[in-house]
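Note sheet for the following structure.
The values are calculated or read from the model by the stated rules, or taken from the named source; none is laboratory data. Everything numeric here is computed off the predicted structure, so don't read it as measured data. Here the Cβ positions follow ideal geometry from the backbone for every residue, glycine too, while neighbour counts run over all protein chains shown. The protein model used for the area step is the full one, side chains on, heavy atoms only, and it has no ligands, DNA or RNA in it. Shrake-Rupley method; radii C 1.70, N 1.55, O 1.52, S 1.80 Å.
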Amino acid sequence: MTDSDEQGSYAPIGRAAASSEILHRLPFDMSTLSVTGLVIICELDVPAPENTQPTMSMKMTQYLRVSDDSMIRLDMDRGVTTSRFGGGDVVSWKRSAADVISEVLDLVRNDDAAKPDSFPWEGYAEAAQLRGISVDADALRGLPHTVLLSDELTEIYEF
């Protein structure tokens, strides 16, 4: 039998999958959910190809965590690229977790020079409201924030 002659077969997994009843998705009802925190997920990004020096890029995607533990993505992504200059064949990006998290928080905080240590709560609230989440900036201010680093970043930073 050649690859072109092979056919796949389908076998449902579990009783629920074997049911002939068609499952219907329900609309996502945000009116019953509340925002419980801000989550910033940091991942390795592809650096610009024109960089000739050793370079590492990180993207930061921001989410609101809601009461059912799902996360709603905000269109407020950030990123940073770091280059190493100078000698040495081995490039090390080693930093402490506290230093990386501090830098991430500095980068996502408000661009307003008058309030440099504040998150852009009004922007978060506006983005949430565009997604059907009823929340204001004051309610968001008191919520916890979490920074998550991908496995690739923890390896690069040598945690």
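I want to check the label-to-label distance for Glu126 and Met71. Put each point 7 Å from Cα in the C-beta direction and report it in nm to one decimal.
It is 2.4 nm.
Probe radius 1.4 Å, ligands and nucleic acids ignored: give me the carbon and sulfur share of the accessible area of segment 100-159 as a rounded percent.
Roughly 49 percent of what the probe reaches on segment 100-159 is carbon or sulfur.
Express in whole angstrom the spacing between the alpha-carbon centres of segment 48-85 and segment 98-159.
12
Taking H placed 1.01 Å from N in the peptide plane, check which residues at least 5 places from Asn110 or on another chain put their amide H under 5 Å from its amide H.
Ser118, Phe119
Where does the charge balance sit around Trp121 when Lys and Arg score +1, Asp and Glu -1, over other residues with C-beta under 9 Å from its C-beta?
-2
Give a residue-ordered list of calculated ³J(HN,Hα) values for segment 137-144 (Karplus: 6.51 cos²θ - 1.76 cosθ + 1.60, θ = phi - 60°; whole Hz; x for Gly, Pro).
Values per residue, Gly and Pro as x: 4, 5, 5, 6, 4, x, 8, x Hz.
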